[in-house]
Ligand SMILES: Cc1cc2nc3c(=O)[nH]c(=O)nc-3n(C[C@H](O)[C@H](O)[C@H](O)COP(=O)(O)OP(=O)(O)OC[C@H]3O[C@@H](n4cnc5c(N)ncnc54)[C@H](O)[C@@H]3O)c2cc1C
């Protein structure tokens, strides 16, 4: 954050709040919210600003929880895991390290680790793995500062409706101050990455999806090539063999960031070269295999700036949806240098989870930040809508409350909890009005 302007990571959103605040305790946070309530000001918590949408924007007080961090308590359970209560501003990167020291890990994670736990939960952050849910499914209890400044505890048995709404609450219900997560015994991950053909990958999809713990693939538009990632969980005491630091520097820093930035700059100047570039990129990728602490395998550095839209669709609709995107790309004159990311999740029961009630496949489309994304994203959005797709709450999309309501069985229950706990709309902003209504 600078003195008076806040910008999100992608540079798609800015805010000029009346005030920035960084409370140092839950008591200070509660006093700040009750003061704002008396003055009729909007308040919005912000994490790492890694949402592409305006979900974290406010014209009132922008509250960072960067000083309300760390592990509060660890209560071991009989299965070797634990209930871990963590302050809401804790960044996932720090949490993962601390959990490892306690012999623990998060059940599943997304592909970066800079988010705050509360920010990641609030937009439905997920990873991949058909047996695993998104981060919100791992929450067992919450402490939340409500619109009047009071501090409430909730769980499936205490204020259950508040819990159901707030664990994936878009920042609309209150400001989380503590989160209790069910953690599992720490585990190591064996990663196998390989270039393959799209057709062979789709032929084997049911098998890979159901047998590989964490399966995902990246499809290079304008080609029939993909990069597959198969990650298998191993017990926490398995000896690790991480990628050699030089190979890691070449693959993860040089190729994924420095060279990729150069490729995208070139593609921006010569978009007609993109199909050729993609064919080349998909071939120069070499297979690699390594074993490392799970959280190190899940997350990577992403420094090339891009825009992203991600749709959750019924898992069985994946092949037809990818085929429709491929057809659109081939028919249009639009060129895309970024691979399309495909991931999976188990059905869950979190009210606003994009995987609510159904086995889910995720299709994420990206565009370099210096290039136009709108035509591509609208085309993919129309294709995903045809199969009852739900957009990621933290990534770009054009959906509104009216057309999101039928996509979520508990949408009206969520709105009723918002009405009850924030009747004056203290936590409101333009994005929430768009996706939830006024
Ligand atoms: C490079 C990149 C990679 C990504 N990878 C993935 C991925 O693998 N999987 C995936 O699902 N998503 C992914 N995302 C999206 C990202 O995980 C989400 O947008 C997430 O919400 C960002 O967390 P944040 O801490 O930056 O939250 P912010 O963007 O700062 O805020 C998000 C929301 O959380 C609210 N919030 C923050 N703190 C609190 C609090 N204490 N109480 C209540 N509400 C709060 C904010 O008000 C806002 O509504 C990625 C984004 C980027 C830029």
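Each reported figure results from applying straightforward, stated rules to the coordinates on display, with no laboratory input. Predicted model, so just to flag it, every value in this text is computed and none were measured. Neighbour counts are summed over all protein chains in view; Cβ atoms, including those assigned to glycine, are modelled from backbone coordinates with ideal geometry.
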At 1.002 mPa s and 20 °C, plugging the Kirkwood radius over alpha-carbon pairs of segment 123-272 into Stokes-Einstein gives what diffusion coefficient in µm²/s? 111 µm²/s
Over the alpha carbons of segment 203-309, what is the largest minus smallest coordinate on each principal axis, giving the biggest first in Å? 49, 35, 26
Helix 260-269: angle to the longest alpha-carbon principal axis of the chain, degrees 0 to 90, nearest 10? 80 degrees
With a cut-off of 8 Å between alpha carbons and a minimum separation of six or more residues, what is the relative contact order of the chain in percent? 18 percent
Interatomic Cα distance distribution for segment 11-57, bins of 10 angstrom, percent: 23, 49, 26, 2
Distance (nanometres) between label positions extended 7 Å along Cα→Cβ at residue 7 and residue 203: 4.8 nm
What percentage of all Cα-Cα pairs in the chain are separated by more than 41 Å? 14 percent
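Taking R0 as 22 Å, what's the FRET efficiency between residue 283 and residue 194 from their Cβ-Cβ distance, rounded to 0.05?
On the way: r = 13 Å, r/R0 = 0.57.
So the FRET efficiency works out to roughly 0.95.
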Cut-off 14 Å, label point 7 angstrom out along Cα-to-Cβ of residue 98: give me the residues of segment 15-29 whose amide nitrogen falls inside. 25-26
Most packed first (mean Cβ within 10 Å per residue), the peptides 179-189, 427-437 order as 179-189, 427-437
Measuring from the longest principal axis of the C-alpha atoms of the chain, the long axis of helix 274-284 (C-alpha) lies at a number of degrees, nearest 10, equal to 80 degrees
Ratio of Rg to Rh over segment 1-81 (Cα coordinates, Kirkwood Rh, two decimals): 1.10
With the convex hull built on the Cα atoms of segment 33-75, state its orientation-averaged projected area in nm². 4.5 nm²
Can you tell me how much longer the chain between residue 369 and residue 268 gets when fully stretched, taken as 0.36 nm per residue apart minus their C-alpha distance, in nm with one decimal? 35.4 nm
Can you run the Rg to Rh ratio on segment 304-438? Use alpha carbon positions and the Kirkwood inverse-distance Rh. 1.00
Enter the angle in degrees (range 0 to 90, nearest 10) between the Cα long axis of helix 318-331 and the first principal axis of the Cα atoms of the chain, meaning the one along which they spread out most. 70 degrees
